[in-house]
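Enquirer: Quick one: the structure is below, and I'll ask about it shortly.
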Amino acid sequence: LRGDTPPMLAGEDTPAECLLEETLPAGTIPAPFTENHDTGRTVGFTGRSNPDKTKIAFGLLALMRGDLFIYYGQEIGMVGSGDDPNKRLAMYWSEDDMTEQPPGVTAVEYPYPSVEEQLADTDSLLNYVKAVNRARLENPAIADGANEWVPDDPRHLRATRGGTPNLFLEHAGDDYVE
């Protein structure tokens, strides 16, 4: 994920997420997502060979208010785009255990390891997703409150949780920043 500004809607000067928040009725609980059965998979735009960018995408998603929607296979980096069956590939449990491919699939690709392999790898995408979900469960304030982009620096996200403002920093460049 790259860029110097937050996602904007065409012709707007306010980040898309903030515009969405303004349109939700009071008491609404959003379900943010980056993929579902009608869209291409996240790994298609973060890079098939770059799990770190996929982790960043999921981490930013996890900072959003509401209940996360995780489409099956997203937690292991499954790919798929184009025809609907290609977005619904079989779950890759292990080398010896895979659900049957749906009818009409024209492209089968699994750039990331199986569930079994990722469970054994502490640095895997699956274990990262598990840790992020655990952090959200242990800190319910993450899912409550409001988000806004810091006006003076649109690369920074400020989240207000329980009336207390917190600052979540986002670095979207190619250089590592500590």
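The values are calculated or read from the model by the stated rules, or taken from the named source; none is laboratory data. Predicted model only: the values in this text are computed from it and were never measured. Ideal geometry is used to build each Cβ from the backbone, glycine not excepted, and the neighbour counts take in all protein chains shown. Areas reflect the complete protein model, heavy atoms only, side chains present, ligands, DNA and RNA absent. Shrake-Rupley method; radii C 1.70, N 1.55, O 1.52, S 1.80 Å.
Enquirer: Using a 1.4 Å probe and ignoring any ligands, DNA or RNA, find the accessible area of Leu119 and quote it in Å² to the nearest 10.
Expert: 90 Å²
Enquirer: Also: Taking all protein chains together and a probe of 1.4 Å, list Thr42, Thr122, Thr28 from the most accessible to the least accessible. Kindly include the intermediate steps, with their values, before the conclusion.
Expert: Values: Thr42 5, Thr122 120, Thr28 45 Å².
The ranking, largest first, comes out as Thr122, Thr28, Thr42.
Enquirer: How far is it, in nm, from the label point at Asp38 to the one at Asp123 when both lie 7 Å from their Cα along the line to the Cβ?
Expert: 3.9 nm
Enquirer: Also, I was wondering about something else. Applying 1/(1 + (r/R0)^6) with R0 = 22 Å to the Cβ-Cβ distance of Ser49 and Ala135, what FRET efficiency is obtained, to the nearest 0.05?
Expert: Working: r = 26 Å, r/R0 = 1.20.
With a Förster radius of 22 Å, E is 0.25.
Enquirer: Taking the full set of protein chains and a 1.4 angstrom probe, give the accessible area of Tyr72 in square angstrom, rounded to the nearest 10.
Expert: Number for this one is 80 Å².
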